[in-house]
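Participant: The structure's right below; bear with me while I get my questions together.
The values are calculated or read from the model by the stated rules, or taken from the named source; none is laboratory data. Quantities reported herein were computed from a predicted structural model and do not represent experimental measurements. Because the Cβ atoms are built from the backbone with ideal geometry, glycine has one as well, and the counts that use them run over all protein chains shown. Only protein heavy atoms, including side chains, enter the accessible area calculation; ligands, DNA and RNA are left aside. Shrake-Rupley method; radii C 1.70, N 1.55, O 1.52, S 1.80 Å.
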Amino acid sequence: MEVIEILRKASNKIYENVKDLAGTEHAAGDFGRGAGGDISRNIDIIAEKTVLDYLKEINFECVVLGEECGRVELSNNPKGYVIMDAIDGSANAVRGVPFFCSSLAFATENKLSSITDGVITNLSNGEMYWASKNKGAFFDEEQIKVQSRDPIYKIVGINTSGATTDLMKRLCPIFENHNHTRHFGANALEMALFARGLMDVFIDFRDKIRIQDIAAGYLIVKEAGGLLLDADLNSLDADLSYETRVSFIAASSQKMLDEIMGQINQ
Ligand code: IPD
Ligand code: CA
């Protein structure tokens, strides 16, 4: 089976196993801090176990880098890394806000830029976004591209969760400048919406986001034709370590990037 099919199958299994859990007491059960540093909730554990069980069942030779479970070596001769955020947007999932997803990616080396496959499933409705390197990005079976027209409403996604006062001051003009700013609470799914052309820019400049949260989105955004840059406006890349935190901006075009960057206080 091709890697993308394995990831899609695993992602679909997560959906089947957690779709009725959001907002329930059962979802919220506390399992202490996971490898990514946040409290692992029961819904996170169920979703991760679904993937690990499936990869073991099909003997997929890989190293899993899970947000909760940490590094799990499923083979002595791995083909690469499965970068897993089984539930992205855990706070939404636990509260029952219908905006959370799973994010699974496969990388051949210890670098974001070596990601070859990525899948994000909207776990509130089962919709799937996926991409393989040089083969395009898809929403279910339909190919997707970032927004190429001047939109009727310019939608700028900005992750402001836990942002410092300094960062909010820098970003302030974006809020003031007749943009329609949005923050939904699950970075991976926000990157998927951006890739589908439903947002024109998506910014996370908090220096907080983990590799697991953006790995699949990284490839889907690129395969949909988006610009994906770090805070210094270099092409985004990073290693896959648990300590790594990144900042990034995804823009649908150079014009959109220049316009929004021109609004940020330096
Ligand atoms: C979180 C989401 C959220 C972002 C947080 C992440 P998690 O992921 O992506 O949008 O603001 O920084 O931790 O913890 O729900 O997998
Ligand atoms: Ca998570």
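Participant: Once every DSSP H run of n ≥ 4 in the chain is given -39500 (n - 2.57) and the sum is divided by its residues, what mean residue ellipticity at 222 nm do you get, rounded to the nearest 500 deg cm²/dmol?
Facilitator: Helix contribution divided over all residues of the chain: -9500 deg cm²/dmol.
Participant: On to the next question. Let me know the shape class of the range 3-144, please: from the alpha-carbon gyration tensor, a ≥ b ≥ c as square roots of the eigenvalues, rounded when a/c is under 1.5, otherwise prolate if a/b is greater than b/c, or oblate.
Facilitator: oblate
Participant: Place a +1 charge on the Cβ of each Lys and Arg in the chain and a -1 charge on the Cβ of each Asp and Glu, then give the dipole magnitude about the Cα centre in debye, rounded to the nearest 20.
Facilitator: Computed about the Cα centre, the dipole is about 320 debye.
Participant: Write down the Å³ per residue value for the convex hull defined by the alpha carbon atoms of the range 127-259.
Facilitator: 112 Å³
Participant: How much of the DSSP beta bridge set in the range 155-264 is antiparallel, as a percent to the nearest 5?
Facilitator: In the range 155-264, approximately 60 percent of DSSP beta bridges are antiparallel ones.
Participant: Related question: Quick one: pull the percent of accessible area on the range 155-264 belonging to carbon and sulfur, 1.4 Å probe, ligands and nucleic acids left out.
Facilitator: Ligands and nucleic acids excluded, carbon and sulfur reach 47 percent.
Participant: If you look at just the Cα atoms of the chain, how large are its Rg and its Dmax in Å?
Facilitator: 17.5, 54
Participant: For the range 3-144, give the magnitude of the charge dipole about the Cα centre (Cβ charges: +1 Lys/Arg, -1 Asp/Glu; no others), in debye to the nearest 20.
Facilitator: With Lys and Arg at +1 and Asp and Glu at -1, about 260 debye.
Participant: Now a separate question. Assign unit charges at the C-beta atoms only (+1 for Lys and Arg, -1 for Asp and Glu), then state the dipole size of the range 155-264 relative to its Cα centre in Debye, rounded to the nearest 20.
Facilitator: In debye, rounded to 20, the range 155-264 gives about 280.
Participant: While we're looking at this one, here's another question. If you count only protein heavy atoms with a 1.4 Å probe, what accessible area per residue comes out for the chain, rounded to a whole Å²?
Facilitator: So the chain comes to 44 Å² accessible per residue, rounded to a whole number.
Participant: Turning to a different aspect of this structure: If you restrict to DSSP beta bridges whose two residues both lie in the chain, what percentage is antiparallel, to the nearest 5?
Facilitator: 80 percent
Participant: Another question, then. Loop-only GluC sites (Glu not before Pro) in the range 133-189, please: DSSP not H, G, I, E or B, and at most 13 other Cβ atoms within 10 Å.
Facilitator: Hits after loop and neighbour filter: Glu141.
Participant: Could you give each residue of the range 200-217 its phi-based ³J(HN,Hα) in whole Hz, using Karplus coefficients 6.51, -1.76, 1.60 with θ = phi - 60°, and x for Gly or Pro?
Facilitator: For the range 200-217, the Karplus-derived couplings read 9, 9, 9, 10, 9, 9, 7, 6, 10, 6, 8, 4, 4, 6, 10, 4, 5, x Hz, x marking Gly and Pro.
Participant: Then there is this: How far apart, in nanometres, would the label points at Leu74 and Tyr153 be if each is projected 7 angstrom from Cα along the Cα-to-Cβ direction?
Facilitator: 4.1 nm
Participant: For the range 3-144, what is the percent of antiparallel DSSP beta bridges, rounded to the nearest 5?
Facilitator: Close to 90 percent.
Participant: Same structure again: For Gly29, which sequence-distant residues (separation of 5 or more, or a different chain) have an amide H within less than 5 Å of its own amide H, given hydrogens modelled in the peptide plane?
Facilitator: Asn42, Ile43
Participant: Expressed as a whole percentage, what fraction of the accessible surface of the range 3-144 belongs to carbon and sulfur atoms when a 1.4 Å probe is rolled over the protein heavy atoms?
Facilitator: On the range 3-144, the fraction of accessible area on carbon and sulfur atoms equals 45 percent.
Participant: State the answer as a single residue: which of Ile211, Ala188, Ser235 lies farthest towards the positive end of the charge dipole of the range 155-264, with beta carbon charges of +1 for Lys and Arg and -1 for Asp and Glu, about the Cα centre.
Facilitator: Ala188
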